[in-house]
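K.L.:
The following block contains the structure, expressed as structure tokens.
The values are calculated or read from the model by the stated rules, or taken from the named source; none is laboratory data. Everything numeric in this text was worked out from a predicted model, so none of it was measured. Glycine also receives a Cβ, built like all others from the backbone with ideal geometry; neighbour counts cover every protein chain displayed.
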Amino acid sequence: MNLEERTNQLFLELVNNPQISSSVLCKKFELTRGQLNYALKKINDSLQEQQLASIKRTKTGHFIVSGEILSTFKGVDREPSRSTYSFSSKERIELIQLRILSKEDYLSLNHFIDELKVSRNTILRDLKEAAQGIKKYDVALKYTRKNGYFIKGDEWNKRKLLANLLTNLAELYHGNELIIRFGNIDREMVATVKKRVALVEEDLNVQFTDERIKILPLLIILIIRRAQKGKLITYHFQINDLELADTKEYQAADRVIWDSEGLPENERIYLTMLLLTTNLSRADMLSANEIDHMRTVLEAVIENFEKIAGINLEKKEKLLDRLLVHMRPAYYRIKFHLNLQTKFYQENKNENLFSLFYLVKEASDPLEHYFGQAIPDPELFFISLFIGSHIVENSDIVPHESRKKAIIVCPNGVSMAILLENTLKNLLPEVDFVTTMSVREFYQNSHKVDFIFSAVPLETKMKVFVVNNYLSDEEKKNLRGRFLQSASLLQTRSVTPDSILSITKKYADIKDEDGLYKALFSLFTPKETKILEKKRPHLIDLLDESMIHLFEEEEDWSCVLSQLAKPLKRNNIITDKYLVELKKEMPKLPDYIILRNKIALPHTIPEAGALSVGVSLGIVKKGIISETGKKIYTVILLGSNDKEEHIDLIFELMSLAGSTMIAEIEQARSVIEIRDLLKKFSEAYWRQ
């Protein structure tokens, strides 16, 4: 039979053991179902050429081998012989393409003749077909006396061709052996990379498919070889690798390529993406057009946020620009399911910040549609930090001239910078943090500030505090002490957490020294921003019994709005025009004003007729149906001409909507009972 060796071995197994099943045959020869089908077709084609009956496969996975075949071939030697190895035209073409893409030295016609054991004319014909076959990748097969055979074109397209070649060749019997042989790949290196890929599976608790695990180590080795020879992709991912470094997937992937020397940052990002995605495509990359598209999506998120929160953000273009910079690495994290380490996200939990987080979550529908999936909470948390910081920056806070000014230098991307900024603002409320910047930006400009807080050492005569991106409680304590001493803000006889603790230890037994210090530290550290202060009116302050209404019967949306508007108009909080504009804007209960699927918060812009800040609350016992069919029992009508007081109320209402107390309030039978429950909630909320 004129069959290549690997297929011949399979054929002889069927002849000598015709009772063998498909599954056993696949297991014995390490074949996939597709590989078995391919080999069986080649066997039958060869049998037909010899005018012999085909081997048939039954529905139960067994084979029917004719007596004529058994008598002709039974007992033939089954040991493979490399000298009789013969390839089909298609296989030769793919092996030629692989040989060229993986070459380390000059390749001539004679190399192919010698390696494939065919004539000069056959190789010339194969080269012609190989050149034709790769045109669909927008690359070309070329030859020069100086360089021999090579493939010309964009490196990204060449790697796509290489990946497809490995996939096709791996389907052949002993396909991986052929790839190793014609790709001139070191077997020990293959074993090493396989072990590392297995560790990635273990770290991420995932399992690559058998097909993928076969070719992935080989593909990684060949791509690293190309990159180290200067065959680099020219595409820019719009990020640096540090901006993905805080994902467990990136850290796991880095275990595979950590010792590959001479790899530029862009190549490391490419290999990380390749390792973590089933099929890396340019369509998944962040192009200039995609950035424009994402900008439009972020504009829609901000617009939603303004609607839900009932405020008009100032300097939205500045916020949009900052969000867009942050979303470049976030784009890859979300698209390829790279999970941010949640340690620092958990450490920065704060009741008010998380209320803002839930507002952002309510506004994030455009992002979910854009990515086609839910946005992970840590990503929304970062977006909340940006929006919260923007609101604070644009609040009417005039810094005192004597206050110290500082900048933050962080080389780890804008997301890490804003997280560090949030930590430092909490820790050092005495300081006006002017801006955050990269190391390069720091050296490019002069800075009129008193202090610099940097995640890396800097060469400057200015006072620099080198800090970790993430500060432990002990590090925060030490940093605050060092700063106050350096800033001459700490007098020798001043009252500090440390001095109180020192005196207390002399005269009393302390059961929990760390806990006491934290409590004292918290007492001596005022909140850093107006957005997080608790000095404005609380919800309970605005809701006396006259502002609460029980709707026992079925009511429509318009009637509820009219009834809740009455006490607000009576107290000169809104005008008649405000109610008219509100009904015009929302003739039905819209989903975007529903907080955490529990509380409807109708409100509109101050210009519509808001004279002050106030709310009225209604409990609709039979519920009101929203535009999308949700049944809502709690409606709070808000009028506000002060966005700062208004934001505090939103935070408190978001917390109420997420608490178990809301169910008790909706079950209450009287206005007095409702107010008592609200008072209980408010006391617990502001005590935190």
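K.L.:
Restricting to region 103-159, count the residues that are under 14 Å from ILE93 (Cα atoms), of a type in the set (Phe, Trp, Tyr) and part of a helix (DSSP H, G or I).
P.N.:
1
K.L.:
Here is a further query. Where residues in region 180-203 are surrounded by fewer than 17 Cβ atoms within 10 Å (Cβ to Cβ) and at pLDDT below 85, which of them is nearest to PHE112 (Cα to Cα)?
P.N.:
GLU201
K.L.:
Something else about it: What residue, among those in region 150-175 that are surrounded by fewer than 21 Cβ atoms within 10 Å (Cβ to Cβ) and among the aromatic types (Phe, Trp, Tyr), is nearest to GLU30 (Cα to Cα)?
P.N.:
Only one residue fits best here, namely TRP156.
Conditions tested, residue by residue: (1) outside the structural domain of LEU601 (by the TED database); (2) farther than 28 Å from ALA600 by Cβ; (3) crowded, with 18+ Cβ neighbours inside 10 Å.
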residue: VAL301; (1), (2), (3): yes, no, yes
residue: GLU306; (1), (2), (3): yes, no, no
residue: ALA309; (1), (2), (3): yes, no, yes
residue: GLU314; (1), (2), (3): yes, no, no
residue: ASP321; (1), (2), (3): yes, yes, no
residue: PRO329; (1), (2), (3): yes, yes, yes
residue: ILE334; (1), (2), (3): yes, yes, yes
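K.L.:
Note down all Cβ pairs under 9 Å where the first residue falls in region 134-163 and is on the phi > 0 side of the Ramachandran plot, the second is crowded, with 16+ Cβ neighbours inside 10 Å and outside any strand (DSSP E or B), and they're at least six residues apart or on different chains.
P.N.:
ASP138/ASN157; GLY148/ILE100; GLY148/LYS103; GLY148/LEU107; GLY148/HIS111; GLY153/ILE134; GLY153/TYR137; GLY153/LEU161
K.L.:
Would you call GLU581 among the acidic types (Asp, Glu), in contact (Cβ under 8 Å) with a residue 24 or more places away in the chain, surrounded by 15 or more Cβ atoms within 10 Å (Cβ to Cβ) and assigned to a helix (DSSP H, G or I)? Give the derivation first.
P.N.:
On the way: among the acidic types (Asp, Glu): yes; in contact (Cβ under 8 Å) with a residue 24 or more places away in the chain: yes; surrounded by 15 or more Cβ atoms within 10 Å (Cβ to Cβ): yes; assigned to a helix (DSSP H, G or I): yes.
Yes, satisfied.
K.L.:
Of the conditions (1) over 23 Å from LEU98 (Cβ atoms); (2) over 17 Å from the mean Cα position of the chain (by Cα); (3) at pLDDT 75 or above, GLN207 satisfies every one except a single condition; which number is it?
P.N.:
GLN207 satisfies all of (1) over 23 Å from LEU98 (Cβ atoms); (2) over 17 Å from the mean Cα position of the chain (by Cα); (3) at pLDDT 75 or above except (3).
K.L.:
Could you give every pair whose Cβ atoms fall below 9 Å, whose first residue belongs to region 624-647 and is within 22 Å of LEU579 (Cβ to Cβ) and at pLDDT 90 or above, and whose second residue is assigned to a strand (DSSP E or B) and among the basic types (Lys, Arg), counting only separations of at least 6 or pairs across chains?
P.N.:
Within 9 Å, the pairs are ILE624/LYS631; ILE625/LYS631; TYR633/LYS621; TYR633/LYS622.
K.L.:
Something else: Sort out which residues of region 50-98 are assigned to a helix (DSSP H, G or I), at pLDDT below 85, closer than 30 Å to LEU166 by Cα and not β-branched (Val, Ile, Thr), and write them in order of number.
P.N.:
Residues satisfying the conditions are ARG82, SER83.
K.L.:
If we keep just the residues of region 556-578 that are not acidic (Asp, Glu) and not in a helix (DSSP H, G or I), which is surrounded by the most Cβ atoms within 10 Å (Cβ to Cβ)?
P.N.:
Residue satisfying both the conditions and the ranking: ILE574.
K.L.:
Residue by residue through region 11-68, note down the ones that are among the β-branched types (Val, Ile, Thr) and touching a Phe, Trp or Tyr at 6+ places or on another chain (Cβ under 9 Å).
P.N.:
Here is the first cut: in region 11-68, the ones among the β-branched types (Val, Ile, Thr) are 15, 20, 24, 32, 43, 55, 58, 60, 64-65.
The answer is VAL15, ILE20, ILE43, ILE55.
K.L.:
Would you confirm whether or not region 643-655 contains a residue that is part of a loop (DSSP other than H, G, I, E, B), not acidic (Asp, Glu) and not assigned by the TED database to the domain that holds LEU359?
P.N.:
no
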